[in-house]
Amino acid sequence: MNLASLLAQLQLTDSAFPSGLYTLSHGLEGYVQSGLAGPADLPGLLADLLRHAVGPGDATALVLAHRAAAEGDWDRLVAVDRRLHAVKLNRELRSAATRTGRQVLDTAGRVFGGPGAGKLADLVRA
């Protein structure tokens, strides 16, 4: 990985990046509001979220999407996007993932430019 790629990745994953991702509770807020969880339960809930959702879902999709993009395989990239959308079982998670994904893609396209972001945006919106 070169320095420019590393810096771009750091920008995209920074909590100050305007994707809206920092506003999502990933269901934790619902547990607290319903009385099913309190502060002592947070470490376990976060561990479960990472182990059972982020790891096998989002992180796996990220690796597959990165490989497809590196190979210029647009069909596979769209298939990864659609499969990740399908495994988000409830409407709220699907909506949040779609909203933040579009925001990241739109902002990355404006900030970093290049034809790839625009093409991907067109493909995933189709």
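A compact table of results
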read-out: Helices (runs of 4 or more DSSP H) fully within segment 26-118 counting 1 or more residues that are closer than 24 Å to residue 4 by Cα and at pLDDT 80 or above; value: 60-70, 74-87, 91-112
read-out: Hits in segment 108-125 - residues which are touching a residue at least 24 places away in the same chain (Cβ under 8 Å) and either over 12 Å from residue 78 (Cα atoms) or surrounded by fewer than 13 Cβ atoms within 10 Å (Cβ to Cβ) (or both); value: 108, 111, 112, 116
read-out: Selected residue (criterion: farthest from residue 52 (Cα to Cα)) from residues of segment 88-100 that are crowded, with 16+ Cβ neighbours inside 10 Å and either out of contact with any His (no Cβ under 9 Å at 6 or more places or on another chain) or among the charged types (D, E, K, R) (or both); value: 100
read-out: Cβ pairs under 7 Å, 6+ apart, first in segment 44-60 and within 15 Å of residue 32 (Cβ to Cβ), second part of a helix (DSSP H, G or I) and among the hydroxyl-bearing types (Ser, Thr, Tyr); value: 45/31
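The values are calculated or read from the model by the stated rules, or taken from the named source; none is laboratory data. Please read these numbers as outputs of a predicted model, since none were measured by experiment. Glycine gets a Cβ as well: all are built from the backbone with ideal geometry, and neighbour counts include every protein chain shown.
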